[in-house]
Amino acid sequence: MKKTITLILVLMITTLAVAQIRVGSAVFPYKVTFEEQELTLNGGGIRKVLGVETYSGGLYTVNKYSNDRAVLDADESMAIRLQINNKKVTNNRMKKVFLKGFEDAMFGNTENLDARITKFLEMFDASTQINDYYDMVYIKGKGIRTFKNGEEMGYIEGRDFKYALFKIWLGNEPACKMIKGGMLGKNG
């Protein structure tokens, strides 16, 4: 009986260990589900500033990707998760990084996205804490649903918005090259 219980506990712990992946100091689930679509962690990376972790990022997809352009052009459900690892990552700093990211990703040509960018940034008005995580989920053919710690914050319509948002991390001039490489499975 003791051996059976021990075996069951070992199997449960092993299953739990496999179901999660450490990305820096963050722990990401291997699979997530949004609107009945199961997504698998394609890869993840860490943003460091002066050697200090600020946040971890992961890309969840239906299919495995190693090419940034293929992710940006894909019209299938996928998500980017960002987890805060440092108290210096405030909601105001996040909003500034997003705004700069949209400008850089779209080479300053955000005119057709400006109203949606403003609406997106308003979702980040609440304060941010260490271990908060944000899921920016593209629902195939619809748009981006944004969640904070599993609670939906809002929705932004359009595949073009997904393209611009995902390009912040996966474009030619990404916000963080380590996260881009990690998301595409090229680091480590």
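General observations
- Loop sites in the range 69-116: trypsin sites (Lys or Arg not before Pro), DSSP, at most 15 other Cβ within 10 Å: Lys87, Lys88
- Under Karplus coefficients 6.51, -1.76 and 1.60, residue-wise ³J(HN,Hα) of the range 76-87 in Hz, glycine/proline x: 9, 4, 6, 8, 10, 10, 10, 10, 6, 10, 8, 5
- When the pairs Lys100/Lys142; Lys48/Lys95; Lys119/Lys186; Lys96/Lys142 are compared against a 29 Å limit on Cα-Cα distance, Lys119/Lys186 fall above it.
- Estimated 222 nm signal from helices in the chain, with DSSP H stretches of n ≥ 4 weighted -39500 (n - 2.57), rounded to 500: -10500 deg cm²/dmol
- GNM top mover of Leu50, Leu121, Leu165 - the chain, alpha-carbon springs below 10 Å: Leu50
- The range 113-159: Cα Rg divided by the 2.2 N^0.38 Å rule of thumb: 1.16
- Per residue, the convex hull around the alpha carbon atoms of the range 75-131 comes to 105 Å³.
- When the surface is traced with a 1.4 Å probe over the full set of protein chains, Ile21 keeps roughly 60 Å² accessible.
- Within the range 92-188, the ratio Rg/Rh, alpha carbon atoms throughout and Rh by Kirkwood, equals 0.95.
- Diffusion coefficient, µm² s⁻¹, Stokes-Einstein with Kirkwood Rh over alpha-carbon pairs of the range 17-118 at 25 °C and 0.890 mPa s: 160 µm²/s
- Applying a DSSP loop filter and a limit of 14 other Cβ atoms within 10 Å to the chymotrypsin sites (Phe, Trp or Tyr not before Pro) in the range 28-134 leaves Tyr30, Phe107.
- Cα-centre dipole for the range 47-152 with unit charges at Cβ (Lys and Arg positive, Asp and Glu negative), debye to 20: 340 debye
- Largest-first principal axis extents of the Cα set of the chain (Å): 68, 36, 31
The values are calculated or read from the model by the stated rules, or taken from the named source; none is laboratory data. Bear in mind that the values here come from a model prediction, so they are computed numbers and not experimental data. Methodologically, a virtual Cβ is constructed for each residue, glycine included, from the backbone with ideal geometry; neighbour enumeration extends over all protein chains shown. Side chains included, ligands, DNA and RNA excluded: accessible areas come from the protein's heavy atoms. Shrake-Rupley method; radii C 1.70, N 1.55, O 1.52, S 1.80 Å.
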